[in-house]
Each structure stands twice: as C-alpha cells, then as structure tokens.
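Asker: Structure in structure tokens, see below.
The values are calculated or read from the model by the stated rules, or taken from the named source; none is laboratory data. Predicted model, so just to flag it, every value in this text is computed and none were measured. No Cβ is skipped: glycine too gets one built from the backbone with ideal geometry, and neighbour counts run over all protein chains shown. In case anyone asks, the SASA skips ligands and DNA or RNA and just uses the protein heavy atoms, side chains included. Shrake-Rupley method; radii C 1.70, N 1.55, O 1.52, S 1.80 Å.
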Amino acid sequence: MSMNFKRKLPIPMEVKEQYPVSDKDKKIKEERDNELKKIFTGESNKFILVIGPCSADYPESVLEYIERLRKIQDEVKDKVFIVPRIYTNKPRTTGAGYKGMLHQPDPDKNPDMLSGIIAIRDLHLRALKDYGFTCADEMLYPANYRYLSDLISYVAVGARSVENQEHRLVSSGIEVPVGMKNPTGGDLTVMMNAISAAQQKHVFLYRGWEVESDGNPLAHAILRGYTGQNGGSVSNYHYETLSELCELYQKSGLLNPSVIIDTNHANSGKKYAEQPRIAKDVLYSCTHNDEIKKLVKGLMVESYLEDGCQKIGDHVYGKSITDPCIGWKKTEKLIYNVAETL
C-alpha cells in the first residue's frame, strides 16, 4: 500500500498573490461580512438565504445563476441577504463519484488538483468582481480553506465532518460565520458540542504551523434532517425541533444563538421539489413563536437553473450533476415568497 506524490502544489499565499483581490472588492467583502455578522448577532433582522447549486460544476452556468441572483438581491435587499452557494468540494459517502471542482475543474476530464485550485479561486473571484457577491463554500478539507479565505463570507461544515476535531478547531479561527450541521445520525448534542468547540480559543497544528485561534462567536447550528434507524430520512425543521434547539441554546451559554435550516437533504427526504414548502413551514413556525423567530436566521437551499439532476456527460446546461436542485422558476418564486412573508 502506497501513495505516489505527483507534484508539490503552491501554498495559499502564492495563489493569492497570483490571483489577488482588488481594493474595491476587498471593501465589498468587508461590507458584506459586517452585514452578515449583524444578522447573527441580532443587530439586523434581515433573513439569510444560502442558495445555489448542490456543487459548482461548470463556471459558465454557475455564473449565469449568480447573475440572476444579483437582480433579485437588488429587489429584496431590505429584507433578504443572499449568499450564493459556490460549493467546490463534494463529500462522497462511499468515496466514489464527482468530488467537486477542486478535484475536477472539468467534470468530463481526469482529476487535476493544480488546475482545480486555480479554478475555484477564479470562480469565487468572478462572483465578487462581476456581481458583488461573496459566497458560501463547504469546508470539506480544512487545510484548503486558506486558498479562499479572503473571498468567502460563509462556511459550512457538513454532517460527516462535524464530529472531526480538525474541522472544529479550524472553525474556531475563521472570521466569518461557520454553520455546523447536525450529524447524519441526528444527535443535536454532537452539533452543539461542535459549536461550543468552535466558539472557544485553541492552540493546534495547521498546515505545518502551531497556531492559536481566538474562537468564532459566529459559529452556529444548521439543521439538515438525519437518517432514522430504519435507514429512511427524518426531518428536523419542524416547530418541535426548533423549540428543542431554543432550549439547548439557553442551557449552553453559547454566544449568538442561531440556526440555518437546510431545506434539502434528509429534511426533504431527498425530494428536492419539497424545498419551497419546507421554507414556508419554517417561516410559519417563526410567526408563532418569538424565540424561534429570533433563533432562525435563514435557509439553505439547493437550487440551479434547471430542475433535478443529470449524469456527468449528459450536458444539460445549468442542471446539477450531483444532488437534484429546484430550477430557476421555483427559485425565483421561493425568494419572492420569503421576502413577502417577512
């Protein structure tokens, strides 16, 4: 058993120097980071939508999607704060399948990590430069976060990563909100422990350095449903679970109690078209309980230009090659309905 070391990849500082962020765009990121922070601290009542494809695949269709989001964001900016999903790493349960743009910048070709590092930075840069959006990405590999740390405004830690010590410790040193998903088994205590770890100071090993973190007061919960004992999906976006989470936060002493509701995955039973209904259900719960309304900061939605998903190689423009997403018409309606309800 062995690993073949193919080539030494550039470190994040080198990639950032080669593909820099302009002073103008740095200011946009700072403004968006501050606005997002105010939502999580309760200073702003805006509602967050972390929305976009299950995984970023082809830059052209991802950027067209973001361009469409830009137009809607300008219309609903008084009530809704949109954070586009540009998820460049894709966790695979069995290890098989498309692992995301970082691995395969062209899904139709073999993995190329150097090209992938450049591709994901370029995509996030173009979203910022062309459309004024700083986006969300999943931190599947904590060591790779630094390649995008000056571009991202929101970080998600997935259900399979949330128990991992390195993810928790690195999250404690990130300066933007980090959402900790409940694990696939559904234990909310595991999620709360992850949030607690991320909010504390730590000394740990990172990229060959001994580092010290200040703790991340914006670490928070994401409810995404879970897998039941019979192997089926069980949702946890309902009023009862939100009430339970309110109590867990009250007992925890954690800073800035917050939750984002993932409308897909096990919450939808992998029935992607249920996402608009689930969004309405969550907002309905907020109207009936002030504590829940205060706790729920937004939604996470899987959405793209076309409904559903496809196999790699089918080449339907703007259709997911991983988990199925709602298409643009449903997306547009969902965003407007959220704004109207608020």
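Asker: Quick check: at a probe of 1.4 Å, how many percent of the accessible area of the range 290-342 sits on carbon and sulfur atoms?
Answerer: The C+S portion of the solvent-accessible surface of the range 290-342 is 47 percent.
Asker: Is the range 112-166 best put as rounded, prolate or oblate by its Cα gyration tensor, with a ≥ b ≥ c the root eigenvalues, rounded for a/c under 1.5, and otherwise prolate when a/b is larger than b/c, oblate when not?
Answerer: oblate
Asker: Right, another one. Quick check: net charge around SER22, other residues with Cβ under 13 Å of its Cβ, Lys/Arg +1 and Asp/Glu -1?
Answerer: Around SER22, the surrounding residues sum to +2.
Asker: Can you give me the distance in nm between label points at ASN110 and ILE312, each placed 7 Å from the Cα along the Cα-to-Cβ direction?
Answerer: Spacing of the two 7 Å Cα→Cβ label points: 1.3 nm.
Asker: Starting from the residue with the highest accessible area, list GLU64, GLU43 in decreasing order, probe 1.4 Å.
Answerer: So the residues, ranked largest to smallest area, are GLU43, GLU64.
Asker: Report, by chain and number, residues whose modeled amide H sits under 5 Å from the one on GLY225, excluding near sequence neighbours (fewer than 5 apart, same chain).
Answerer: Amide H neighbours of GLY225, under 5 Å, 5+ apart: ASN236, ASN267.
Asker: For the range 187-342, just say rounded, prolate or oblate: build the C-alpha gyration tensor, square-root its eigenvalues into a ≥ b ≥ c, call rounded for a/c under 1.5, and beyond that prolate if a/b exceeds b/c, oblate if not.
Answerer: Oblate.
Asker: Say R0 is 41 Å: what FRET efficiency, to the nearest 0.05, do SER22 and TYR336 get from their beta-carbon distance?
Answerer: Plugging the Cβ-Cβ distance into 1/(1 + (r/R0)^6) gives 0.80.
Asker: Might you tell me the accessible area per residue for the chain, computed with a 1.4 Å probe and given in Å²?
Answerer: The answer is 47 Å² per residue.
Asker: A further question follows. Taking the alpha carbon gyration tensor of the range 45-172, what are the square roots of 5 times its eigenvalues, largest first, to the nearest whole Å?
Answerer: Ellipsoid half-lengths, sorted descending, are 24, 19, 13 Å.
Asker: Tell me the accessible surface of MET3 in square angstrom (1.4 angstrom probe, heavy atoms of protein chains only), to the nearest ten.
Answerer: Here the accessible area works out near 150 Å².
Asker: In debye to the nearest 20, how big a dipole does the chain give about its Cα centre with +1 on each Lys and Arg Cβ and -1 on each Asp and Glu Cβ?
Answerer: 300
Asker: Okay, moving on. Return the lysines within reach of LYS90: Cα separation strictly under 21 angstrom, same-chain partners fewer than 8 residues apart disregarded; answer none if there are no such residues.
Answerer: LYS99, LYS109, LYS181, LYS270, LYS271, LYS311, LYS319
Asker: Taking square-rooted eigenvalues a ≥ b ≥ c of the alpha carbon gyration tensor, is the range 34-102 rounded, prolate or oblate, where a/c under 1.5 means rounded and, failing that, a/b exceeding b/c means prolate?
Answerer: Since a/c reaches 1.5 but b/c is at least a/b, the shape of the range 34-102 is classed as oblate.
Asker: Taking 0.36 nm per residue of separation and subtracting the Cα-Cα distance, what length does fully extending GLU166 through GLN250 add?
Answerer: 27.6 nm
Asker: Moving to a separate point now. Just the number, please: carbon plus sulfur as a percent of the accessible area of the range 106-146, 1.4 Å probe, no ligands or DNA/RNA counted.
Answerer: Accessible surface attributable to carbon and sulfur in the range 106-146 totals 49 percent.
Asker: With a 1.4 Å probe and every protein chain left in place, tell me how much accessible area LYS79 has, in Å² to the nearest 10.
Answerer: Its accessible surface works out to 90 Å², give or take rounding.
Asker: Please report the antiparallel percentage of DSSP beta bridges with both residues in the range 203-342, rounded to the nearest 5.
Answerer: That works out to approximately 45 percent antiparallel.
Asker: To continue, here is another question. Would you grab the residues whose amide H sits under 5 Å from the one on ILE48? Only those 5+ places off in sequence or on another chain, please, with H modelled 1.01 Å from N.
Answerer: PHE81, GLY298, LEU299
Asker: Probe radius 1.4 Å, ligands and nucleic acids left out: which of TYR145, TYR239 has the largest accessible area, and how do the rest follow?
Answerer: Most to least solvent-accessible, the answer reads TYR239, TYR145.
Asker: Could you tell me the accessible area of TYR206 in Å² (1.4 Å probe, neighbours in place), rounded to the nearest ten?
Answerer: 30
Asker: Shifting gears a bit: Does a label point 7 Å from the Cα of MET13, set along Cα-to-beta-carbon, have any residues of the range 129-149 with amide nitrogen under 16 Å, and which are they?
Answerer: Within reach of a label on MET13, which here means backbone N under 16 Å from a point 7 Å along Cα→Cβ, the range 129-149 contributes 146-149.
Asker: Out of all DSSP beta bridges with both ends in the range 135-273, state the antiparallel percent to the nearest 5.
Answerer: About 35 percent, rounded to the nearest 5.
Asker: Go from 0 up to the bin containing the longest alpha carbon distance in the chain, width 10 Å each, and give me the % of pairs per bin.
Answerer: 6, 26, 37, 24, 6, 0
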